[in-house]
Amino acid sequence: MKLAYVTLLVSASLAAACSHAPSTPLASGASAAGLYQPEGTSGPSVQTGWSGQRFAVATAHPMASNAGLEILQAGGSAVDAAIAAQLVLTLVEPQSSGIGGGAFLMHYDGREIVAFDGRETAPAGVSERLFMKADGKPMAFREALVGGRAVGVPGTVRMLEMAHAEYGRLPWSRLFAPAITLAEEGFPLGLRLYTLLKTERDLRKDPKAGPYFYERDGQPHAVGTILRNNELAAVLRRIAGEGSKAFYEGEVAQAVVERVRNHPDNPGQLSLADMAGYQAKRRKPLCATYEPRAVLPPRSYRICGFPPPSSGEITIVQILGILDRTRAPFLGFEDPLWMHYYTEASRLAFADRAKYIADPDFVAAPAGSWDSLIRPDYLAERARLIGPQSMKVAKAGSPAPLSASLAPMPEQLEYGTSHISVVDADGNAVAMTSSIEDAFGARQMVRGFLLNNELTDFSFLPSDSSGTPIANRVEPGKRPRSSMSPTLVFDNESGELLMSGGSPGGAMIIHYTAKLLYGTLNWGLTPQEAINLPNFGSLNGPTLIEEQRFPPGFVDALHARGHTVREIGLSSGLQAIQKRQGGYLGGADPRREGRVMGE
C-alpha cells in the first residue's frame, strides 16, 4: 500500500467527521469509553517521531524516559534503563503502573529471547467465588475493585530483580537514584494526571491518597503543583539497599497486608505468607512467523511476544494470520472492507481467547501446545468463516480434536497499564508492559504507592449456567489472564532485531499493538506514522472505532455490512523503537504524554 495513501487518510480523518455523534447510543448514564478503556482522554500531545544512532528509550512520561536515558548514558543495559524508568513511572504516572502491581518483560541479548513474568497472583485464601454475592450474582466491577478484595500479590519488584540479576550492568541501587531524587525534591503535577484525578471519585476518600492528590475542597492540586512523596522515597531506598526482600517481607509487606485485610467495606485475603512466597517466572516466549502477502519484495518476520497468562501474542498472531488469509492485504486502510475483515478476524480471535487462554500452571493448552491456536491450517479454517456480512459475535473454534471442556468467559471490563521499550548501545532490547489494572488501581495508597486491583482480570463467574468451568476463573495462587503485549519483531532470515513495541489499554492493547505491527510491516510506515493512525477493533462484540477519526461514509459502509459501530475515545499509549539502516526510529502516542529519548 502506498504510504501517501495512508498519510492522506490520517490527515483527512482528523478533519473529517469531527462532529457526528456515536453511531450506537448507549443506555442512559453509560459511558462507551468507560466500557473499554482503563483511562480517560486528556487531550493530544505533539509527537513528531524520533531518530538516533546509538540507543533509545520510549516510555509513557518524559521524566521516566529521561531516567532511562540517564542510565543508558551511564553505560547501563536495556534492563537497567527499563528498571529506572519503571520506578519513576510509579511516582509520575501512578494511575497506570508501579511497584504495587505487576509486569511482563521481554528481553533480547543478541542471542536469546527471554520472557520474565511478574504478573500478580491470587492470595492463597481466595476461592473461585471471590466476586460472587450471596444471591448468586456477580459483583459489579466497581463494587469489586475499590478496597482490598481485588488486590493480588504484586510482582513487579521481584521480576525486575530477576531480570537485573541476568542482564543488569549497573549496580541495582544505582537504578533507584532518579526516582528517589524526584520523590524527595518533587515533580510538577501534569495535565494528564490532573484530568484523571478530576474525574476520579473514590481515590480522594483514601486517607493517604486523598491529601496527596487533592485539596481540602476535594479538587485535585493544580497543574504544576510540586508533589513530593517522601514515603515512596523511603521504600525505594530500602529496596535499593536490601533488594526485593525489603518489599516482600518486613514493614512494607506488613503495611500492604494490613491495608488489604482491614479495609472497612471490602477487605481482601492477602497475607504475609503470600507476599513472602511470591515468585517471578522465567518463561519461554511465544514466537510466530509472519509473511505479509502483499509486501514486495517478500519479507519474513518473526513476531515474539508473551505466552499465557498473557493472551496478547496469541490473539495478535491469530488476528494477523486470519486477516492475511482474506482480501485485506490487497486493500488500503481507507477502504471500509479492510476494516470489515480486520474486525471479523478479531471476533474469531477473541472468541478463542475467551475459551482457552489462562494461567498455564492451571489450564492446559489445546492439544498440549499454545501453538495449536496459531497453526497455519487452523487460521485458514477460521478465515473461511468470514463472509460479506459481520458475524457480530463469533464462536470459539476447535484447534484440537479433543479440546478442553471449558466455557467461554463472558465479556468483562479489563483495564490498565503502561509500556516501556528500550534498545541499548549493544543492541540489547526490552519490551515491558506493566500495570496496576484500573486507573488508580484499588484506590488504596500504602507507603506512597498505589495497590493493584488485578484480581478483577479473572472471570467473576467461575462457571457457565451448565456448571462448565471457565478457564480464567479465580483460584488460589493463579495469575489472571492479561492482554499485555510487549512485542519484539525480528527479520526471520537474518535474525536481526527490527522493533520493540507495546501499549496500555486493557483488552484493546491487543488491537493497538496489532495496528502498530500491521502499519509498519505491511504498509511500510514509520513507528510514529503507524501509532498516529486511528484506533479500532472488536472484542467479539461491537465494532469499535476512535471517535472523530473516521468520515461518516466509512461508518455507513460498515453499517451496510451489518456492523454495530461505536465511536469512542480509544486512548492508546503506544511506544515503539524500530531499527532502520543507520540507526533507530522511535514513536510515542500523541493520545498521551510519552516521549522517546536517546542518542
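Would you confirm, using the coordinates I've provided, whether residue 321 is outside any helix (DSSP H, G or I) and touching a helix residue (DSSP H, G or I) at 6+ places or on another chain (Cβ under 9 Å)?
Answer is no for this residue.
Going through region 106-116 one residue at a time, which ones are crowded, with 24+ Cβ neighbours inside 10 Å and out of contact with any Pro (no Cβ under 7 Å at 6 or more places or on another chain)?
Those that are crowded, with 24+ Cβ neighbours inside 10 Å and out of contact with any Pro (no Cβ under 7 Å at 6 or more places or on another chain): 107, 116.
For region 120-155, give me the residue count where each residue is more than 25 Å from residue 206 (Cα to Cα), among the basic types (Lys, Arg) and surrounded by 14 or more Cβ atoms within 10 Å (Cβ to Cβ).
Qualifying residue count, region 120-155: 1.
Out of 296, 320, I need the residue that is farther than 20 Å from residue 151 by Cβ and free of Cβ contacts under 8 Å to residues at least 12 places away in the same chain. Which one?
Just a single option satisfies the conditions, and that option is 296.
If residue 243 meets every condition in (1) touching a helix residue (DSSP H, G or I) at 6+ places or on another chain (Cβ under 7 Å); (2) surrounded by fewer than 16 Cβ atoms within 10 Å (Cβ to Cβ); (3) at positive phi apart from one, which number is that one?
(2)
Quick check on region 192-228: of everything there that is among the small types (Gly, Ala, Ser) and farther than 23 Å from residue 593 by Cα, which residue is farthest from the chain's Cα centre (by Cα)?
Selected residue: 218.
Do you know which residues across region 198-225 are acidic (Asp, Glu) and surrounded by 12 or more Cβ atoms within 10 Å (Cβ to Cβ)?
Within region 198-225, 200, 202, 206, 215 meet the criteria.
Going through region 407-428 one residue at a time, which ones are buried (at least 24 other Cβ atoms within 10 Å of the Cβ), of a type outside the set (S, T, N, Q) and modelled with pLDDT of 95 or more?
419, 420, 422, 423, 424
In region 491-509, which residues are more than 19 Å from residue 424 (Cα to Cα) and either buried (at least 24 other Cβ atoms within 10 Å of the Cβ) or touching a Gly at 6+ places or on another chain (Cβ under 9 Å) (or both)?
Answer for region 491-509, where residues must be more than 19 Å from residue 424 (Cα to Cα) and either buried (at least 24 other Cβ atoms within 10 Å of the Cβ) or touching a Gly at 6+ places or on another chain (Cβ under 9 Å) (or both): 503, 504, 505, 506, 507, 508, 509.
Can you tell me which residues in region 175-197 are loosely packed, with under 15 Cβ neighbours inside 10 Å and either in contact with a Cys (Cβ under 6 Å, 6 or more places away or on another chain) or closer than 17 Å to residue 450 by Cβ (or both)?
none
Which of the following residues is out of contact with any helix residue (DSSP H, G or I) (no Cβ under 8 Å at 6 or more places or on another chain), in contact (Cβ under 8 Å) with a residue 60 or more places away in the chain and aromatic (Phe, Trp, Tyr): 458, 536?
Of the residues listed, the single one that is out of contact with any helix residue (DSSP H, G or I) (no Cβ under 8 Å at 6 or more places or on another chain), in contact (Cβ under 8 Å) with a residue 60 or more places away in the chain and aromatic (Phe, Trp, Tyr) is 458.
Under the condition of being in contact with a helix residue (DSSP H, G or I) (Cβ under 8 Å, 6 or more places away or on another chain) and part of a loop (DSSP other than H, G, I, E, B), which residue from region 209-227 is nearest to residue 147 (Cα to Cα)?
This residue is 218.
Could you give every pair whose Cβ atoms fall below 8 Å, whose first residue belongs to region 54-65 and is charged (D, E, K, R) and at pLDDT 95 or above, and whose second residue is surrounded by fewer than 24 Cβ atoms within 10 Å (Cβ to Cβ) and not in a strand (DSSP E or B), counting only separations of at least 6 or pairs across chains?
54/425; 54/599
Has region 457-464 got any residue that is farther than 30 Å from residue 430 by Cβ, charged (D, E, K, R) and surrounded by fewer than 24 Cβ atoms within 10 Å (Cβ to Cβ)?
yes
Of the residues in region 332-358, how many are surrounded by fewer than 22 Cβ atoms within 10 Å (Cβ to Cβ), modelled with pLDDT of 95 or more and assigned to a loop (DSSP other than H, G, I, E, B)?
1
Just checking, does region 480-494 include any residue being over 29 Å from residue 108 (Cβ atoms) and modelled with pLDDT of 95 or more?
There is no residue in region 480-494 that is over 29 Å from residue 108 (Cβ atoms) and modelled with pLDDT of 95 or more.
Just give me the residues in region 524-555 being part of a strand (DSSP E or B) and either among the aliphatic types (A, V, I, L, M) or under 22 Å from residue 351 (Cβ atoms) (or both), in sequence order.
536, 537, 543, 544, 545
Taking the options 557, 588, name whichever one is buried (at least 24 other Cβ atoms within 10 Å of the Cβ) and touching a residue at least 40 places away in the same chain (Cβ under 8 Å).
588
Being closer than 26 Å to residue 183 by Cα, of a type in the set (Phe, Trp, Tyr) and under 27 Å from the mean Cα position of the chain (by Cα) is the requirement here; does residue 248 meet it?
Spelling it out, residue 248 is indeed closer than 26 Å to residue 183 by Cα, of a type in the set (Phe, Trp, Tyr) and under 27 Å from the mean Cα position of the chain (by Cα).
Looking only at residues that are in a helix (DSSP H, G or I) and among the aliphatic types (A, V, I, L, M) in region 160-174, which one is surrounded by the fewest Cβ atoms within 10 Å (Cβ to Cβ)?
The selected residue is 165.
All but one of (1) buried (at least 19 other Cβ atoms within 10 Å of the Cβ); (2) of a type in the set (S, T, N, Q); (3) more than 22 Å from residue 420 (Cα to Cα) hold for residue 97; which doesn't?
(3)
Identify the single condition in (1) buried (at least 22 other Cβ atoms within 10 Å of the Cβ); (2) out of contact with any helix residue (DSSP H, G or I) (no Cβ under 6 Å at 6 or more places or on another chain); (3) hydrophobic (A, V, I, L, M, F, W, C) that residue 514 does not satisfy, given that it satisfies every other one.
Against the list (1) buried (at least 22 other Cβ atoms within 10 Å of the Cβ); (2) out of contact with any helix residue (DSSP H, G or I) (no Cβ under 6 Å at 6 or more places or on another chain); (3) hydrophobic (A, V, I, L, M, F, W, C), residue 514 comes up short only on (2).
Applying the selection to region 142-164, what residues are aliphatic (A, V, I, L, M) and under 15 Å from residue 459 (Cα atoms)?
144, 145, 150, 151
Within region 259-317, work out how many residues are buried (at least 16 other Cβ atoms within 10 Å of the Cβ), of a type in the set (Asp, Glu) and over 27 Å from residue 139 (Cα atoms).
The number of residues fulfilling the criteria is 1.
When region 556-573 is examined, which residues are found to be within 18 Å of residue 347 (Cβ to Cβ) and either of a type outside the set (Gly, Ala, Ser) or in a strand (DSSP E or B) (or both)?
If the condition is that a residue be within 18 Å of residue 347 (Cβ to Cβ) and either of a type outside the set (Gly, Ala, Ser) or in a strand (DSSP E or B) (or both), then 558, 559, 561, 563, 564, 565, 566, 568, 570 are the ones that fit.
Of the residues in region 361-385, how many are within 21 Å of the chain's Cα centre (by Cα) and farther than 17 Å from residue 485 by Cβ?
Residues flagged as within 21 Å of the chain's Cα centre (by Cα) and farther than 17 Å from residue 485 by Cβ within region 361-385 amount to 0.
The values are calculated or read from the model by the stated rules, or taken from the named source; none is laboratory data. None of the values given here were measured: they were computed from a predicted structure. Don't worry about glycine lacking a Cβ; one is built from the backbone with ideal geometry, like all the others, and counts go over all protein chains shown.
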